[in-house]
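Shown next, in structure tokens, is the structure this report addresses.
Just so you know, all these numbers are worked out from the coordinates, no wet-lab data involved. Note that the structure is a prediction, hence the values are computed from the model and not measured. Every residue, glycine among them, receives a Cβ derived from its backbone with ideal geometry; neighbour counts consider all protein chains shown.
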Amino acid sequence: MPAPPASHPPPAPEPTAAGGGRVPQHIAIVMDGNGRWAQRRGRPRTFGHRAGAKTVRLCVRFCLERGIRALTLFAFSSENWKRPQEEVGALMNLFMRSLDREVDELHEHGVRLRFIGERAHLSAAIGKRMDSAERRTAGNTALHLNVAISYGGRWDIVQAARTLAQAAVRGQLDPSTIDEALFAQHVELAEQPAPDLFIRTGGDRRISNFLLWQMAYTELWFTDTLWPDLDVAELDRALVDFAARERRFGRTGAQVAQVGGA
Ligand code: FPP
């Protein structure tokens, strides 16, 4: 089996914001509420998705300005394939058009694009654009922008288990050596720090099969604001709330105070 990349490095001390608080290195977002936003305006749900694409731009700019190193967006879940065919088609078209329009500018700003999820389910046209965007931006370091399309946290865990099982069958891996560290090297985003902060818009308080393995110790933040209405002031509120949280990673508060949370 090829040597796997270093997996989910332990959280390094987070950089400090102008206000003195810690800044998350990696934010993961469930962008919920596009459909309701459109319906409240008497428009089709797809109108809300198009408005949502503008909020994606706002979030990328926000992360670049605040020094956040990674942003992972849940654009389309494994379960979203069950939506009406017309909505699925409109979303796929939107992803394709967004890739055609945005990659140049993302590249200019030093953004590295990465797609996670079951690529075999996507059309060849989207797959080609994803490959090309990933190759083109591979050397960038200002921000890792990970887009989850046809992604499910359970799928991710299963594909990691399958990879390890196949290696064991080939005689390249002793199953007794499988531990959390090795397993973590085979889930998506293994080479990036785990998300520090999870944000979900749209009022529901759940993770909905997002990065189940990667978010074991992620701080959760929810807002009733619908995705197209999210603005910089609200994102800053999430950061202020995050900065005030004590992250113990299983230790006691006294231990954390002693070692400074690292
Ligand atoms: C959830 O809102 C949103 C989605 C399933 C799609 C998210 C897609 C975008 C924001 C478009 C742009 C994305 C990229 C990466 C270019 P919902 O439809 O479930 O809303 P509802 O809960 O109000 O019905």
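Below, the figures for the structure above:
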| read-out | value |
| --- | --- |
| Evaluation of Glu87 against (1) exposed (fewer than 15 other Cβ atoms within 10 Å of the Cβ); (2) more than 20 Å from the chain's Cα centre (by Cα) (one fails), failing number | (1) |
| Scope the range 192-206; condition in contact with a Ser or Thr (Cβ under 9 Å, 6 or more places away or on another chain) and either within 13 Å of the ligand (Cβ to nearest atom) or under 14 Å from Asp32 (Cα atoms) (or both); matching residues | Phe198, Ile199, Arg200, Thr201, Gly202, Gly203 |
| Qualifying residue in the range 147-170 (condition: over 20 Å from Val30 (Cα atoms), assigned to a loop (DSSP other than H, G, I, E, B) and of a type outside the set (A, V, I, L, M, F, W, C)) | yes |
| The range 137-187, subset among the hydroxyl-bearing types (Ser, Thr, Tyr) and out of contact with any strand residue (DSSP E or B) (no Cβ under 8 Å at 6 or more places or on another chain), residue surrounded by the fewest Cβ atoms within 10 Å (Cβ to Cβ) | Ser176 |
| Single residue of Leu145, Leu182, Leu189 found to be touching a Leu at 6+ places or on another chain (Cβ under 8 Å) and at positive phi | Leu189 |
| Ala190 vs. criteria of a type in the set (A, V, I, L, M) and either free of Cβ contacts under 8 Å to residues at least 24 places away in the same chain or part of a strand (DSSP E or B) (or both) | no |
| Any hit, the range 127-139, residues being in a strand (DSSP E or B), out of contact with any Lys or Arg (no Cβ under 7 Å at 6 or more places or on another chain) and under 30 Å from Arg61 (Cα atoms) | no |
